[in-house]
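Single-structure report; data block below.
What follows draws every value from the coordinates through simple rules; no lab data is involved. All figures in this text were calculated on a predicted structure; none of them were measured in a lab. We place every Cβ from the backbone using ideal geometry, glycine too, and count neighbours over all the protein chains shown.
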There are 2 protein chains.
Amino acid sequence: MTTERQPTLDTVAAAAGVSRATVSRVINGSPRVSPEARDLVEDTIARLGYVPNRAARSLASRRTDSVALVLREADATVLADPYLSAVIIATSQALVGTGVQLVLVNAQNDAEHQRVGEYVRSGHVDGVLLASMHADDPLPQLLVQARVPVVVGGRPERPIPGLVYVDTDNVGGAQLATERLVAAGRSRIAHIAGPPDMTAAADRLTGYHRALARAGRDAGPVAFGDFTRASGEAAMATLLDHNPDAVFAANDMMAIGALRTLRAAGRRVPEDVALVGYDDIELAQHTEPALTTIRQPVVDQARTMTELLLLQIGGQPPGDPVVLPTELVPRESA
Amino acid sequence: MTTERQPTLDTVAAAAGVSRATVSRVINGSPRVSPEARDLVEDTIARLGYVPNRAARSLASRRTDSVALVLREADATVLADPYLSAVIIATSQALVGTGVQLVLVNAQNDAEHQRVGEYVRSGHVDGVLLASMHADDPLPQLLVQARVPVVVGGRPERPIPGLVYVDTDNVGGAQLATERLVAAGRSRIAHIAGPPDMTAAADRLTGYHRALARAGRDAGPVAFGDFTRASGEAAMATLLDHNPDAVFAANDMMAIGALRTLRAAGRRVPEDVALVGYDDIELAQHTEPALTTIRQPVVDQARTMTELLLLQIGGQPPGDPVVLPTELVPRESA
DNA sequence: AAGCGCCGTGAGAGCGGTCTCACGGCTGGG
DNA sequence: CCCAGCCGTGAGACCGCTCTCACGGCGCTT
């Protein structure tokens with residue numbers, strides 16, 4: 001039961017015959033230490049197996065060396081969301097070697113979301129990464145005003161001065177998708193859009209329109225879904241009236257829904273109707289036919305967000321938003 | 001630039017005209033405070049927007065109110081692993097309302113994995129959840145010896161006294177799968193097993209054998225894969241020599257690989273060969289035919305792990321391992 | 001030769017809480 | 001009526017680290 005108390009700075013200092021201050025300098029890599037003292041202290045630290053106490057350090061230095069990754073809408077529905085998983089893992093990977101810890105904050109509802117502000121203020125973290133925001137989310141605004149370093153994933157609904165965000169090029173990606181259909185000689189290109197209050201969905205719609213305009217085409221019929229497969233099925237059913245020969249869906253799940261409706265309607269893909277999705281989820285490889293889609297650099301996005309956040313924490317002023325390029329993944333459906 | 005310093009205990013105490021100790025008691029819900037004092041202090045706290053400093057509290061109390069979720073093998077390969085995502089989200093959900101923070105520790109390689117021990121010792125967290133362990137992982141042993149509260153997901157290779165784990169019933173699940181095939185009147189039931197050094201794979205193999213034995217059958221042919229789709233394809237190719245009329249694959253990805261091989265070989269599923277997978281991944285719903293499989297209570301597992309960990313942190317002795325029931329998800333493939 | 005500045009080091013004051021202990025006032029039992 | 005005991009409160013000692021400041025010693029300039 002006599003749990004060996006962990007060695008402290010004092011322990012090390014005493015064992016090395018120097019002062020606490022010197023040990024602290026060694027630990028923090030201060031240049032103002034003689035090489036002999038440094039070696040001595042380092043040996044002692046290794047010998048005693050000393051590890052600095054984070055709480056004490058944090059208390060004294062007013063830094064925590066940890067950042068929060070704030071998730072939203074993390075309920076059972078998206079429980080197995082591979083995108084989320086990628087963001088989380090990529091973020092934690094980006095932090096490896098920096099000595100910065102990742103604290104996961106899961107705000108399931110508005111009330112909890114509000115409390116994130118408190119949480120940050122209480123000095124738990126040095127900065128905040130915001131994933132999967134909602135359009136009306138006041139949190140980024142709050143954090144920016146409180147001068148808390150923050151980086152959000154995805155373009156916010158309304159521009160917020162001083163808010164750094166890292167987005168993928170939804171407009172460009174949607175253009176790629178649409179251009180693919182144009183290039184395939186399709187003339188009646190429809191779009192299954194996502195919820196218009198989500199910027200990613202809005203941007204993809206914009207890209208769709210832009211590509212058609214550039215190709216000198218009129219806009220085709222557009223149906224709106226909510227990014228679920230069921231909504232894709234329903235949207236496709238609507239679009240069938242227009243007898244399209246191509247469909248660009250704003251995400252893969254809706255594309256898969258559309259695929260199902262098309263098949264049920266006796267339309268062959270891609271012969272009768274070419275189909276392009278968005279996201280390149282795992283499933284897209286396994287549909288029949290395999291889904292042509294747009295890949296987003298999720299890992300890059302998370303990494304970039306993390307880097308930008310660390311820069312801000314390091315004292316640099318918030319820079320400009322970053323938009324990362326997307327890429328077409330050609331498969332069989334278009 | 002004059003950043004308003006956050007109010008501290010002293011601030012609140014002064015404003016309320018009481019001592020620091022009293023404010024502390026109110027915050028910690030001590031019963032030894034008069035109702036009047038309590039109300040007064042609570043009002044003051046609300047008025048000043050006071051939030052306790054976690055580092056200071058942690059330093060003084062030797063608690064951190066946070067737990068680590070240690071992941072392994074979290075590289076690009078499993079980046080989009082929906083299981084991981086589910087574990088992470090479920091864990092963080094289980095922590096909501098407890099005031100305990102989730103710190104994600106991503107040990108990509110052995111060296112980093114070792115450092116988790118240090119990390120815990122330095123007092124960062126009150127306890128550790130271990131996900132996706134490897135067979136030879138010394139970490140659980142280390143943590144148990146260091147009397148650090150720890151709960152691991154999945155049964156460890158070798159029993160470790162005092163180690164609490166939460167597993168899903170792999171043996172039972174495999175039995176369900178195999179029994180399904182027996183009940184369907186299949187007589188030559190093969191198995192595509194996972195890596196024998198993973199307990200989940202070993203247990204599923206055991207369940208397969210047990211079900212056959214109970215049904216008075218001889219064991220069928222077994223091929224080993226590594227849980228990837230490619231290995232499932234290869235394993236199925238091997239098994240074709242035995243001309244099975246049913247296959248139970250130890251996970252869905254291998255089942256999907258097997259499906260592909262079967263189709264290529266001109267075998268119809270389920271008419272010629274019935275097929276059962278394991279895990280009930282999203283993809284299983286979308287194969288053609290849809291995959292009959294076994295569902296594991298991932299969310300329950302994560303929640304249970306968290307609860308058991310909190311109990312240990314609360315001072316209770318480590319209890320017995322928990323094994324959660326699995327369930328058959330009947331679809332079209334068997 | 002004297003003075004200056006810099007360099008390595010140590011002493012000590014916080015950082016913002018928790019928690020033990022002491023203390024005055026009140027209640028209740030003998 | 002007195003004193004034991006409890007209750008609510010306050011004082012103050014930490015928790016382990018950072019960081020400022022002071023100090024002695026050395027090399028350099030003048």
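What list of ³J(HN,Hα) values in whole Hz, one per residue of region B:235-251 in order, does the Karplus curve 6.51 cos²θ - 1.76 cosθ + 1.60 (θ = phi - 60°) give from phi, with Gly and Pro shown as x?
4, 5, 4, 4, 5, 4, 4, 8, 6, x, 10, 7, 9, 10, 9, 6, 8
Going 7 Å from Cα along the Cα-Cβ axis for the label, what nanometre distances separate B:Asp10 from the same residue across the other copies?
With the label placed 7 Å along Cα→Cβ, B:Asp10 yields 2.1 nm.
Provide an ascending nm list, one decimal, of label-point separations from A:Ala213 to the equivalent residue in each further copy; define each label point as 7 Å from Cα along Cα→Cβ.
From this label point to the equivalent ones elsewhere in the assembly: 7.2 nm.
When the expected Rg is taken as 2.2 N^0.38 Å, what fraction or multiple of it is the alpha-carbon Rg of chain A? Working shown, then result.
On the way: Rg = 25.8 Å, N = 334, 2.2 N^0.38 = 20.0 Å.
Compactness ratio reported: 1.29.
I need A:Leu176, B:Leu129 ordered by Cβ neighbour count within 10 Å, fewest first. Can you show the working numbers first?
Values: A:Leu176 22, B:Leu129 26.
Neighbour counts put them in this order, fewest first: A:Leu176, B:Leu129.
If we hang a label 7 Å off Cα along the beta carbon direction at A:His242, how far is it from the matching labels on the other copies, in nm, shortest first?
Nearest first, the other copies' label points are 5.4 nm away.
Counting residues in region B:9-52 as N, plug N into 2.2 N^0.38 Å and put the Cα Rg over that result. Don't skip to the answer; put the middle values down first.
Values: Rg = 8.9 Å, N = 44, 2.2 N^0.38 = 9.3 Å.
Rounded to two decimals, the normalised Rg is 0.96.
In whole Hz and in residue order, list the ³J(HN,Hα) couplings for region B:306-317 that follow from phi through the Karplus curve 6.51 cos²θ - 1.76 cosθ + 1.60, θ = phi - 60°; x for Gly and Pro.
4, 4, 5, 5, 4, 4, 4, 4, x, x, 6, x
Cα atoms only: what Rg and Dmax, in Å, come out for region A:189-334?
Looking at region A:189-334, its Cα Rg and Dmax stand at 17.1, 60 Å.
Quick one: what are the phi-derived ³J(HN,Hα) couplings along region B:29-42, Karplus 6.51/-1.76/1.60 with θ = phi - 60°, whole Hz, x for glycine and proline?
Working through the residues one at a time gives x, 5, x, 7, 9, 5, x, 5, 4, 4, 4, 4, 5, 4 Hz.
Axis carrying A onto B: which residue of A has the nearest Cβ, and how far, whole Å?
Residue with the nearest Cβ, plus whole-Å distance, for chain A: A:Ser85, 2.
Does region B:183-271 come out rounded, prolate or oblate, given a ≥ b ≥ c as the square roots of the eigenvalues of its C-alpha gyration tensor, rounded meaning a/c under 1.5 and, failing that, prolate meaning a/b above b/c?
It is oblate, given that a/c is not under 1.5 and a/b is not larger than b/c.
If contacts are Cα pairs under 8 angstrom and at least 6 residues apart, what is the relative contact order of region A:211-262 in percent? All intermediate terms of the calculation are to be shown ahead of the outcome.
Working: 61 pairs, mean separation 20.6, N = 52.
Reported as a whole number, the value is 40 percent.
Would you calculate, for the protein assembly as shown, the mean residue ellipticity at 222 nm contributed by helices, counting each DSSP H stretch of 4 or more residues as -39,500 (n - 2.57) and dividing by all residues, to the nearest 500?
After summing the helix terms and dividing by residue count, I get -13000 deg cm²/dmol.
Using amide H atoms built in the peptide plane, which far-off residues or other-chain residues are under 5 Å from B:Ala274 H to H?
B:Ala246, B:Val247
How charged is the neighbourhood of A:Leu259? Take every other residue with its Cβ under 14 Å from the Cβ of A:Leu259, and add Lys/Arg as +1 and Asp/Glu as -1. Write down the numbers at each step before the final one.
Details: positive: A:Arg229, A:Arg260, A:Arg263, A:Arg267, A:Arg268, A:Arg331; negative: A:Glu233, A:Asp252, A:Glu271, A:Asp272, A:Glu288, A:Glu332, B:Glu288.
Overall, the nearby charge balance is -1.
Which of rounded, prolate or oblate describes the protein assembly as shown when judged by the alpha-carbon gyration tensor and an a/c cut-off of 1.5?
Values: a/c = 2.13, a/b = 1.34, b/c = 1.59.
Note, shape of the protein assembly as shown comes out oblate.
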